[in-house]
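Worksheet for the structure shown next.
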Amino acid sequence: MESGTYVEITNVRPDSIADELGIKSQDKLLAINDQEIRDYIDYKFLSTDLYLELLIRKENGEEWLYEIEKDYDEDLGLEFSGIIYDRLKKCSNNCIFCFVDQSPSGLRETLNLKDDDYRFSFLQGSYITLTNLGEEGINRIKRFHLSPLYVSVHTTNPDLRVKMMCNKKAGDILPKLRELAEAGIEFHTQAVLCPGINDGNELERTIKDLIELTPAVRSLAIVPVGLTKFRNGLYSLRSFTSKEAKNVVEQVTEWQKRLKKKGENFIYLADEFYLLAERELPPAKAYNGFVQLENGVGLVRLFWQQFEEIKDELPISLSEKRGFTLITGELGVKVLKPVVKKLNEIENLNLDLLIVANEFFGRQVTVTGLLAGEDIINVIEDSKVADEIILPAVLLNDDNLFIDGLKLSDLENEFPQLEFTVVDNNAKDLVNKVINN
């Protein structure tokens, strides 16, 4: 059999069915029961059958057909490097606020990729727009019951959505959501808010329309548009002012109160709105398990809650003097200040914040996670720092790369006299590093 799509096996778990059959890593899975494997969803669905025929291409090019009888829930023991094995479904929009379009060249490769694939949405929680989802895709979502999905709505006004996404197919968002909801599919949603465009009355409309789709709509995250200095030739946008952020907070808070009276609120504001408006963040219980953390919703409150749970266990004094410099973006200062103040009450401990302005993307970008390695290097060079530098893990990807492609080792080579420590994005790990390092 000649197969156009194959899946390279990266690992075979010991003592598994595949291991006992002699299937090896680097072998290629061509088909299960004569069906090609387009993605991990196909693999999981097909491999649950009690009787399987696996077509495998060995490293020497030979194709072997394995006949397997197994229990319904028995795993084959195969592992793969990714989750999509055919062509990635790319974004067909040209959103006026797209972050990729306003980014410089030379970023980490994945940051320049504009995907809009419902399979990533189901398997990894990435947001999709549904604009490239035809009848075949919708039917497959229904058939496999791929739920929940993560959907970028932005606005439910058809004409406005077409304008914001520069795609004439973008206006049918509500009919598609209704069709999926009727099939039992649930979704988390988001709206990237642009001042003067989809806020105010338009946000009011979006909220009302999504309320009508509950309980299929499990959450709505409202996040502010992110703008960089690389916007030449792009749609004219601006960031929210403090006053406008206050208006958004007041508007959403009112809706949250109404929904809570009827049952449970499902609308959440990104932390940036509260910090910009200088308003108190909601209590932890208001986030209902922090279902929108990846969208920057509730990260601050969760961090403070984690610290609150352990602050009574902090020592009065350390046995020896320790000093640290903690790297943060401009927005992170408001989050970290109360924690750092409390930690510095410990005798022999000195923890300083080093604020890094984002020159790489522009000063409008204030979140810590988008700091570039070169900006951190420049600020350390011009500052008095402790011998130990603490870097939040949000700055790096799994390959220890900053957003501009610099490696953690580049910082270590630039400053061989300093020790760099990466801490997870939670208060407990930060405290553990400075207390027990």
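The values are calculated or read from the model by the stated rules, or taken from the named source; none is laboratory data. Only a predicted model underlies this, so the values are computations on that prediction, with no experimental measurement involved. Cβ atoms come from the backbone with ideal geometry, glycine included; neighbour counts cover every protein chain shown.
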Test: Leu107 is crowded, with 16+ Cβ neighbours inside 10 Å, closer than 30 Å to Glu359 by Cβ and at pLDDT below 90: yes
Select from segment 390-437 the residues that are within 16 Å of the chain's Cα centre (by Cα), of a type in the set (A, V, I, L, M) and either part of a strand (DSSP E or B) or surrounded by fewer than 16 Cβ atoms within 10 Å (Cβ to Cβ) (or both) and list them in ascending order. Ala393
Residue satisfying condition, being touching a residue at least 12 places away in the same chain (Cβ under 8 Å), within 27 Å of Glu182 (Cα to Cα) and more than 24 Å from the chain's Cα centre (by Cα), within set Glu202, Glu212: Glu202
When Tyr118 is run through (1) under 30 Å from Leu30 (Cα atoms); (2) at pLDDT below 90, the failure sits at (2)
Would you be able to tell me the number of residues in segment 132-144 that are at pLDDT below 95 and buried (at least 19 other Cβ atoms within 10 Å of the Cβ)? 1
Evaluate segment 60-71: report whether one residue or more is hydroxyl-bearing (Ser, Thr, Tyr) and within 27 Å of Leu396 (Cα to Cα). no
Suppose we filter Leu269, Leu281, Leu276 for residues that are crowded, with 21+ Cβ neighbours inside 10 Å, over 20 Å from the mean Cα position of the chain (by Cα) and closer than 17 Å to Leu331 by Cβ; which single one remains? Leu276
Within segment 196-206, is there a residue that is closer than 24 Å to Asp39 by Cβ and either among the small types (Gly, Ala, Ser) or surrounded by fewer than 22 Cβ atoms within 10 Å (Cβ to Cβ) (or both)? no
Considering segment 8-23 alone, what residues qualify as being part of a loop (DSSP other than H, G, I, E, B) and either surrounded by fewer than 16 Cβ atoms within 10 Å (Cβ to Cβ) or in contact with a helix residue (DSSP H, G or I) (Cβ under 7 Å, 6 or more places away or on another chain) (or both)? Arg13, Pro14, Asp15, Gly22
Taking Ser92 as the residue in question, decide whether it is of a type in the set (S, T, N, Q), under 21 Å from Leu371 (Cβ atoms) and in a loop (DSSP other than H, G, I, E, B). no
Scanning segment 284-318 for residues that are in a loop (DSSP other than H, G, I, E, B) and more than 16 Å from the chain's Cα centre (by Cα), which turns out farthest from Tyr150 (Cα to Cα)? Ile316
Checked segment 343-365 for anything modelled with pLDDT of 95 or more, surrounded by fewer than 14 Cβ atoms within 10 Å (Cβ to Cβ) and among the charged types (D, E, K, R); matches are Glu345, Glu347
Among the numbered criteria (1) buried (at least 19 other Cβ atoms within 10 Å of the Cβ); (2) in a loop (DSSP other than H, G, I, E, B); (3) in contact with a helix residue (DSSP H, G or I) (Cβ under 7 Å, 6 or more places away or on another chain), which single criterion is violated by Arg119? (2)
Expected single match for buried (at least 19 other Cβ atoms within 10 Å of the Cβ), among the hydrophobic types (A, V, I, L, M, F, W, C) and in a loop (DSSP other than H, G, I, E, B) among Leu227, Leu237 is Leu227
Look at Lys229 and say whether it is of a type in the set (Lys, Arg), in contact (Cβ under 8 Å) with a residue 12 or more places away in the chain and over 30 Å from Arg38 (Cα atoms). yes
